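K.L.:
Dropping a structure here in structure tokens format, bear with me for questions.
Any read-out appearing in this document is the output of simple, stated calculations on the displayed coordinates, not a laboratory observation. Predicted, not measured: the structure shown is a model, and the values here were computed from it. Every residue, glycine as well, gets a Cβ built from its backbone with ideal geometry; the counts of neighbours run over all protein chains shown.
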Amino acid sequence: MPVPLFETRLAQSESDVRAAQRLRHQVFVQELGATAGGISEEIEADRFDPTAQHLLLLDISRHAADQVVGVYRLLDAEGAARAGGFYTDSEFDLTPLHASGKRLLELGRSCILAPYRGSAALLHLWAGIERYVQEASIDLLFGVASFHGTDTLAHQQALSHLQHAHRAPLALCPTARGPQPRLLPADQVDRVAAMRGTPALIKSYLKLGGCVGSGVYIDHGFNTIDVCMVLDVAQVPPSQSQMIARGQMA
């Protein structure tokens, strides 16, 4: 694959949004086996898309019709009100976040085309989010991030480590809806194995000072185990913010 030339921008047209939805279909449906949501033969869409912003990651070295290689959906409180709530509301009780008085931004539907994973692609998406956060004066980022599959035993080390070591403070801690899996006691967690089994997106939240809500949500429709990530913008270490700006992340 040629060296990518990354660029990020918000969707500016219906065709941009369709490009994001086609990529989501390719990753979530064709690759990962999702069956829920508004799925057609070509796109993955839902009722939150029309009131959200869609952050696009483009590789401008590719053919013009095929440049979108990563996406992130950004939904603020005003957009959520028009959609009837945040997407995450269906999986986690967000009462502490709503009561915080902070300006909220939900991050969701994140995906990157397979050949670009492990590259600087995710970092470029974070840089785009950071610019949006500054321009919109956002205080708090949140949203679900996922482990592939619905077998909690396969991810028991990582899930247990997140709950014991990275739980959000009570005042900002969403709580998962539904029955909960068995977790390991803290003294039985192998931290190295746990971090090895933690998806890159979740690790990127943690590096920025993020934390997780209480519990997990088993999303059978999307074939995932979801945790709710919470990131107080004021708590992001300046060093990490500067690294994102420079195209790096420790």
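K.L.:
Assign one of three labels to the chain, namely rounded, prolate or oblate, based on the Cα gyration tensor with a ≥ b ≥ c the square roots of its eigenvalues; rounded applies when a/c is under 1.5, prolate when it is not and a/b is larger than b/c, and oblate otherwise.
P.N.:
rounded
K.L.:
According to a simple spin-label model (label point 7 Å from Cα along Cα-to-Cβ), what is the distance in nm between Gln12 and Glu31?
P.N.:
Going by the 7 Å Cα→Cβ label model, 2.7 nm.
K.L.:
Classify region 1-47 as rounded, prolate or oblate from the Cα gyration tensor: take a ≥ b ≥ c as the square roots of its eigenvalues, call it rounded if a/c is under 1.5, otherwise prolate when a/b beats b/c and oblate if not.
P.N.:
It comes out oblate by the Cα gyration axes.
K.L.:
Let me ask something else. If contacts are Cα pairs under 8 angstrom and at least 6 residues apart, what is the relative contact order of region 74-246 in percent?
P.N.:
In percent, rounded to a whole number, it is 28.
K.L.:
What are the ³J(HN,Hα) values, in whole Hz, obtained from phi via the Karplus relation 6.51 cos²θ - 1.76 cosθ + 1.60 with θ = phi - 60°, for each residue of region 174-184 in sequence order, with x given for Gly and Pro?
P.N.:
x, 10, 5, 8, x, x, 10, x, 6, 10, 6
K.L.:
Could you tell me which of rounded, prolate or oblate describes region 65-141, using a ≥ b ≥ c as the square roots of the eigenvalues of the alpha-carbon gyration tensor, with rounded for a/c under 1.5 and, failing that, prolate when a/b is larger than b/c and oblate otherwise?
P.N.:
prolate
K.L.:
Quick one: which of 18-24, 203-209 comes out on top by average Cβ neighbours within 10 Å, and what's the full order, highest first?
P.N.:
Highest mean packing first, the order is 18-24, 203-209.
K.L.:
Under a crude label model (7 Å from the Cα following the beta-carbon direction), how far is Arg82 from Ser137 in nanometres?
P.N.:
Those two pseudo-labels are separated by 2.0 nm.
K.L.:
Whole Å is fine, so just give me how far the alpha carbon centre of region 85-117 lies from that of region 18-62.
P.N.:
Cα centroid to Cα centroid, the span is 16 Å.
K.L.:
Calculate one ³J(HN,Hα) per residue across region 209-218 by plugging θ = phi - 60° into the Karplus curve 6.51 cos²θ - 1.76 cosθ + 1.60, and present them in order as whole Hz with x for glycine and proline.
P.N.:
These are the phi-based 3J(HN,Hα) values: x, x, 8, 10, x, 7, x, 10, 10, 8 Hz.
K.L.:
Hey, any idea what Rg/Rh is for region 1-122, computing Rh the Kirkwood way over Cα pairs?
P.N.:
Rounded to two decimals, Rg over Rh is 0.99.
K.L.:
OK, next. Compute the distance in nm between two label points, each set 7 Å from the Cα along the Cα-to-Cβ direction, one at Ala193 and one at Gln53.
P.N.:
4.3 nm
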